[in-house]
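Everything on this sheet refers to the single structure shown next.
What follows is calculated from the coordinates using simple rules that are stated; it is not laboratory data. These figures come from a predicted structure and were not determined experimentally. Heads up, the Cβs are rebuilt from the backbone with ideal geometry, glycines too, and the neighbour counts pull from every protein chain shown.
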C-alpha cells in the first residue's frame with residue numbers, strides 16, 4: 001500500500017457541470033475524510049466516514065456536494081452544478097481510530113479543481 | 001467549533017538558523033496537536049504531533065512545545081536546510097476532525 005491515492009490530480013470543468021473525485025485510503029484505515037483547501041489557507045473540513053457511515057458533515061458541504069463510501073473502502077465526492085467558487089484543492093485523508101483518540105492523518109496529494 | 005490561529009504567515013531564515021512557528025487554539029478540550037508540512041503540488045504530510053499530556057516532544061531537528069494553560073503550541077526547526085522550505089500547518093482537535101491554521105510559508109535562504 002503506497003498511501004492515500006486521489007484521482008484525478010487535476011480537473012478543469014465548465015460552470016454548471018458535475019464532477020466526481022475518487023479517494024482510495026490506506027487499506028487498514030477505517031476513517032476517511034474530505035477537506036477543501038483554497039490558496040493561502042489551511043485545509044477546511046468537509047465530511048468524514050467511519051467505515052461506510054458518514055458521521056459528520058460541515059456547513060461548507062452544500063446541497064450540491066455529496067460523498068459516499070459504499071463499502072467502507074474507497075470514497076467519492078461529487079459536486080453538482082459547479083460554481084467558480086468551488087475551485088480549490090480537494091484533499092482526502094485517512095486514519096485509523098483504535099478507540100483511544102484521534103491519530104495523525106495521512107493525506108493524499110489532492111485533486112485540484114478549476115471551474116471556468 | 002475550534003479556532004486555530006497561526007503566526008507568522010511567512011518566515012524567511014538563513015540556512016542553519018532556527019525557525020519558530022506559533023499557534024493558538026480556542027477549545028480548551030483539544031488534546032491532540034499535529035503539525036503538517038506541505039510541499040508544492042502535494043498533500044500535507046504529518047511531521048510531528050503532541051498530545052495534551054505532554055509538554056514537549058522532539059524528533060531530530062524538529063520539536064514541538066505545548067502550553068495548555070495559555071492554549072498555545074509551537075514548532076521549532078533547528079539547523080534549517082533548504083529542503084525545509086515549505087508551507088507548515090498546525091492543527092488542534094479532540095477526538096474529531098482537526099481544525100487547521102492558515103499556514104506558514106517557510107523559506108530557507110542558502
>> Need one number: % antiparallel among DSSP beta bridges in the protein assembly as shown, to the nearest 5.
In response: 90 percent
> Each label point is 7 Å from the Cα along the Cα-to-Cβ direction; what then is the distance between the points at residue A:53 and residue A:18, in nm?
Replying inline: 2.8 nm
> Order of A:106, A:111 from fewest to most other C-beta atoms within 10 Å?
Replying inline: A:106, A:111
> Mind checking Rg over Rh on region B:1-76, alpha carbons, Kirkwood formula for Rh?
Replying inline: 0.96
> So, by mean Cβ neighbours within 10 angstrom, what's the order for A:13-20, A:79-86 with the highest one leading?
Replying inline: A:79-86, A:13-20
> Cα convex hull of region B:60-110: how many Å³ per residue?
Replying inline: 104 Å³
>> Give the average, rounded to an integer, of partner chain Cβ atoms located within 10 angstrom of each Cβ in A:36-44.
In response: 5
> Can you give the direction-averaged projected area of the convex hull of the alpha-carbon atoms in the protein assembly as shown, in nm²?
Replying inline: 12.4 nm²
> Per-residue mean of other chain beta-carbon atoms within 10 angstrom of the beta-carbon, peptide B:21-34?
Replying inline: 1
>> Taking each residue in A:104-111, count the Cβ atoms of any other chain within 10 Å of its Cβ, then average. What number comes out?
In response: 5
>> What does the C-alpha gyration tensor say about the overall shape of region A:31-75? Classify as rounded when a/c is under 1.5, otherwise prolate if a/b is larger than b/c, or oblate.
In response: prolate
> Within chain B, what percent of beta bridges assigned by DSSP are antiparallel, to the nearest 5?
Replying inline: 90 percent
>> At q = 0.13 Å⁻¹, what log₁₀ I(q)/I(0) does chain A have when each alpha carbon counts as one equal point scatterer in the Debye sum?
In response: -0.45
>> To make sure I understand, if each residue's beta carbon is the centre and we count other beta carbons within 10 Å, what order do B:89, A:21 fall in, fewest to most?
In response: A:21, B:89
>> Using Cβ counts within 10 Å as a stand-in for footprinting exposure, how do B:12, A:95, A:87 rank, fewest first?
In response: B:12, A:87, A:95
